[in-house]
Amino acid sequence: MREIKFRGKHWLTGKWIYGNLLHWGKDIMISERNCEAIIVDPATVGQYIGLKDKNGTEVYEGDIVRHHREILTVAFGKIGYDDSWNGLTGFYYSQNEDKHDGFMNLEYNHDPDLIEIIGNIYDNPELLKESED
């Protein structure tokens with residue numbers, strides 16, 4: 001059984017907050033270990049996928065990773081290449097953050113020795129542009 005936790009950027013300071021996800025009215029909050037709930041920017045919330053990279057760093061939705069020479073994003077959604085295929089829903093590595101292309105299903109294709117987090121789509125979007133060139 002994997003640990004379920006989230007991260008999101010503090011709505012005011014932009015600092016990453018890690019913990020349990022809470023909904024309070026229109027606000028999205030993350031409760032850290034000390035039980036203090038902090039409002040976060042909902043656009044930055046991502047779930048821990050239960051896996052780590054080659055440096056032992058936890059991998060979250062929205063992370064940008066290097067896999068061999070490829071730059072990939074970590075996403076959640078339908079995994080498959082064909083809209084008519086029912087496929088699976090889960091975490092996957094994608095070559096294009098705007099398209100759910102299901103490049104590699106993490107449940108079957110995660111080798112921590114081959115994956116290294118190099119940033120995330122919120123703090124380092126330029127990494128994705130570099131991979132397109």
Query raised in the report: Residues in the range 9-18: is at least one at pLDDT below 95, under 24 Å from K129 (Cα atoms) and out of contact with any Gly (no Cβ under 7 Å at 6 or more places or on another chain)?
Result: no
Report summary line: Flagged in the range 1-60 as among the aromatic types (F, W, Y) and assigned to a strand (DSSP E or B), in numbering order, are F6, W16, Y18, W24, Y48, Y60
Query raised in the report: Would it be correct to say that I28 is buried (at least 18 other Cβ atoms within 10 Å of the Cβ), within 12 Å of F6 (Cα to Cα) and modelled with pLDDT under 95?
Result: yes
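A quick yes/no check of all residues on (1) modelled with pLDDT under 75; (2) in the same structural domain as E3 (by TED's automatic domain parsing); (3) of a type in the set (D, E, K, R); (4) crowded, with 18+ Cβ neighbours inside 10 Å:
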| residue | (1), (2), (3), (4) |
| --- | --- |
| D53 | no, no, yes, yes |
| G56 | no, no, no, no |
| K78 | yes, no, yes, no |
| F103 | yes, no, no, yes |
| L106 | yes, no, no, yes |
| D113 | no, no, yes, no |
Query raised in the report: Restricting attention to the range 33-45, which residues are surrounded by 14 or more Cβ atoms within 10 Å (Cβ to Cβ) and acidic (D, E)?
Result: D41
Report task. Would you check if Y92 is of a type outside the set (S, T, N, Q), under 13 Å from the mean Cα position of the chain (by Cα), surrounded by 15 or more Cβ atoms within 10 Å (Cβ to Cβ) and modelled with pLDDT of 90 or more? Result -> no
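The values are calculated or read from the model by the stated rules, or taken from the named source; none is laboratory data. Being a predicted model, the structure only gives us computed values, none of them experimental. Cβ: placed from backbone, ideal geometry, glycine included. Neighbour counts: every protein chain shown.
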